[in-house]
1. How high is the relative contact order of the stretch 60-257, given as a whole-number percent (alpha carbon pairs under 8 Å, six or more residues apart)?
2. Using only the alpha carbon atoms of the stretch 60-257, find the Kirkwood hydrodynamic radius as the inverse mean reciprocal pair distance, in angstroms to one decimal.
3. Which FRET efficiency, nearest 0.05, do residue 140 and residue 259 yield, Cβ-Cβ r, R0 35 Å?
4. Would you mind telling me the antiparallel percentage of the DSSP bridges in the stretch 60-257, rounded to 5?
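Nothing in this text is a laboratory measurement; each read-out follows from the coordinates by a stated rule. Please read these numbers as outputs of a predicted model, since none were measured by experiment. Quick reminder, even Gly has a Cβ in these numbers, built from the backbone with ideal geometry, and neighbours come from all protein chains shown.
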């Protein structure tokens, strides 16, 4: 969504505006550079309305602030511009093993079958990772360290000819200890903010998209964005109203069979 400048605000010269536009485009896969600056401050607050956003009295307002997001060079390739369907992928427990606040590159462990599944999905879907990373708000690791981890993950994927279109990360948590991330935001799942941003940016058709995750918060985020949600986990992993698959490979076969 294009922001309309306030009346009387000084306009950027053409050269500066062009440079700013380039920053909002893609950057090389080898350098994860979040579009939302590490020092970005919350823009405004509001109280959500509706069934999914209603809050009781005495609770904090949700802060509207952007998730950290990165568009890869793969995602900007012209041949992918016509894709109107996407698979939204949680990170921990879906793409890599959940290490509980992963803070070291050495801890990355790509799950079995992920590479083959992503290769099969890529020609038909945009591949967009959406992940909650409250370790930033809790002071367990920095945005720079998170960027290093995602650099390494993208590099490992690329060595096996696998690429993602974009990565979205929510660094916030209302119980965090590190400003400006210790907030209740609109992008942390189960809120659908990251998915809605991607749907708007890529002009996606929600009815043709899927959300894959291993937590109920992932399912609720998909539901809030109007996309079909699939749960990844062992048989009998909780009681859910969503289809359950043991791994990304089997979920990929389902998505390819039901692609519209």
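1. Details: 381 pairs, mean separation 51.0, N = 198.
Taking the mean separation of contacting Cα pairs over the length of the stretch 60-257, I get 26 percent.
2. Numbers: mean 1/r = 0.0594 Å⁻¹.
About 16.8 Å, per the Kirkwood formula over Cα pairs.
3. That gives a FRET efficiency of 0.35.
4. Numbers: 5 of 25 bridges.
Expressed as a percentage, antiparallel bridges in the stretch 60-257 total about 20.
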